[in-house]
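Below: one structure, written as C-alpha cells.
Just so it is clear, none of the values below were taken in a lab; they were calculated from the coordinates. Computed from a predicted model, the values in this text were never measured in an experiment. Counting neighbours? That spans all protein chains shown, and the Cβs are built from the backbone with ideal geometry, glycine included.
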Amino acid sequence: MSVTIRPGEVFAHATEFDRGIRRLLPHYDQLLTALSWCIPPEAQRVLDLGCGTGNLSARILQRLPQVQIMAMDYSPAMLEQAQAKLPPNQTTFITADFGAWAVNPQDVPPIEPVDACVSSLAIHHLSDAMKGQLFRQIFAHLRPGGCFWNADPVLAPHPHSAALYQRVRQAFTAAEPIPERGIVQTCGTSSQDQLATLATQLDLLKTAGFVGVDVVWQWFGVAIFGGYVPV
Ligand SMILES: C[S@@+](CC[C@H](N)C(=O)[O-])C[C@H]1O[C@@H](n2cnc3c(N)ncnc32)[C@H](O)[C@@H]1O
C-alpha cells in the first residue's frame, strides 16, 4: 500500500531517510560538511530550517561543540529521528512550517536572534515568492554580522545544463536499492519540488538585504549559497 508523505520527507518511512538519502543524492555527506564549515567558529546559536532527521545539525555540533541548535521541521516523523540523534541539552526542537513562520512568526514559539541560519534540501519546496519571504524573515532573525547558508537543488539555467545535471546524477546515484518512496502531498506552504535557478535565488537574497552573497559549493544541480547581515 502506498504511503503519503509531506514534501521533503522523501521516503515512506523516516527511519529509512539516512540510508536512502545517501543512495539518492551523490555527495550528501560532503554537502553537510561543506555547510558546517560556513558557520563562523565563534557562533553560539544556529537555526536549522527543515532539520529532518538532524544530520546537518549533528555535523555542525561535531565541528562546533559549543553551539545551541534550534531545529525546525513540520514533520513529527522526521523530528522523532532527530530527537534520537541530537543532544537534548543543546537542541531546541520546533515543530513548525518554516513558510508559515516566515509569514506569521507570532504563531511559532519565539526564536531569539541567531548567529547563523542553515538549511539543507528543504527550501526548494516553497514557491519563489515564499522563498523571498522566508529569506526576509531569516534576515530579520539574524544578529548583525550573522549569516545564512542554504544547500538546495537548483533549476538548471538552460536545457543543456538540465540534461547534464540529470546525466551526472543518474551516473552517480548508488546502484543499491533505494528505500520505498512516499507519495508527496502538498502540506502547509510546501509542495513538490519548486526549483529556482541559482541566479534567481541570489537575487532574492540580495533583495532581502543580505550582503556578500556567494556560492561556496556546487555539484552540478545542487549548490550551497548564502550571505551575511551587515554589521
Ligand atoms: C530532504 S529533507 C532534508 C533534511 C535535512 N535538512 C538533511 O539535509 O538531511 C527535507 C526536510 O524539510 C522538511 N520540510 C519541508 N518543507 C517544510 C516546511 N515548509 N516547514 C518545515 N519543514 C519542512 C521536511 O519535513 C524534511 O524533514
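Of all DSSP beta bridges confined to region 4-228, the antiparallel ones make up roughly 40%.
Report the GluC sites (Glu not before Pro) located in region 7-68 that are in a DSSP loop and have at most 10 other Cβ atoms inside 10 Å of their Cβ, or state none.
On the way: sites: Glu9, Glu16, Glu42; in loops: Glu9, Glu42.
Answer in residue order: Glu42.
The HN-Hα couplings worked out from phi for region 144-155 by the Karplus form 6.51 cos²θ - 1.76 cosθ + 1.60 (θ = phi - 60°) are x, x, x, 9, 10, 10, 10, 9, 7, x, 10, 6 Hz, whole numbers, x standing for Gly and Pro.
Relative contact order for the chain: 26 percent, from Cα pairs under 8 Å spaced at least 6 residues apart, divided by residue count.
Name the residue, out of Ala163, Ala100, Ala116, whose mean-square fluctuation peaks in a Gaussian network model built on the chain with Cα pairs under 10 Å. Of Ala163, Ala100, Ala116, the Gaussian network model singles out Ala163 as fluctuating most. When the chain is treated as a GNM with alpha-carbon contacts under 10 Å, the residue of Gln68, Gln218, Gln106 showing the greatest mean-square fluctuation is Gln106.
Projected onto their three principal axes, the Cα atoms of region 170-231 cover extents of 47, 31, 19 Å, largest first. The charge dipole of region 4-228, taken about its Cα centre with unit charges on the Cβ of Lys, Arg, Asp and Glu (plus for the first two, minus for the last two), comes to roughly 340 debye. Within the listed set Gly20, Gly221, Gly145, the residue fluctuating most in the Gaussian network model of the chain (springs between alpha-carbon atoms under 10 angstrom) is Gly145.
Add +1 for every Lys or Arg and -1 for every Asp or Glu among the other residues with Cβ under 13 Å from the Cβ of Ser119, and state the total. Write down the numbers at each step before the final one.
Values: positive: Lys131; negative: Asp48, Asp73, Asp152.
With Lys, Arg at +1 and Asp, Glu at -1, the neighbours total -2.
Structural size metrics of region 4-228, computed from C-alpha coordinates, are Rg and Dmax of 16.3, 48 Å. For Ala96, neighbours were defined as the other residues whose beta-carbon sits under 12 Å from its Cβ, and their charges (Lys and Arg +1, Asp and Glu -1) total -3.
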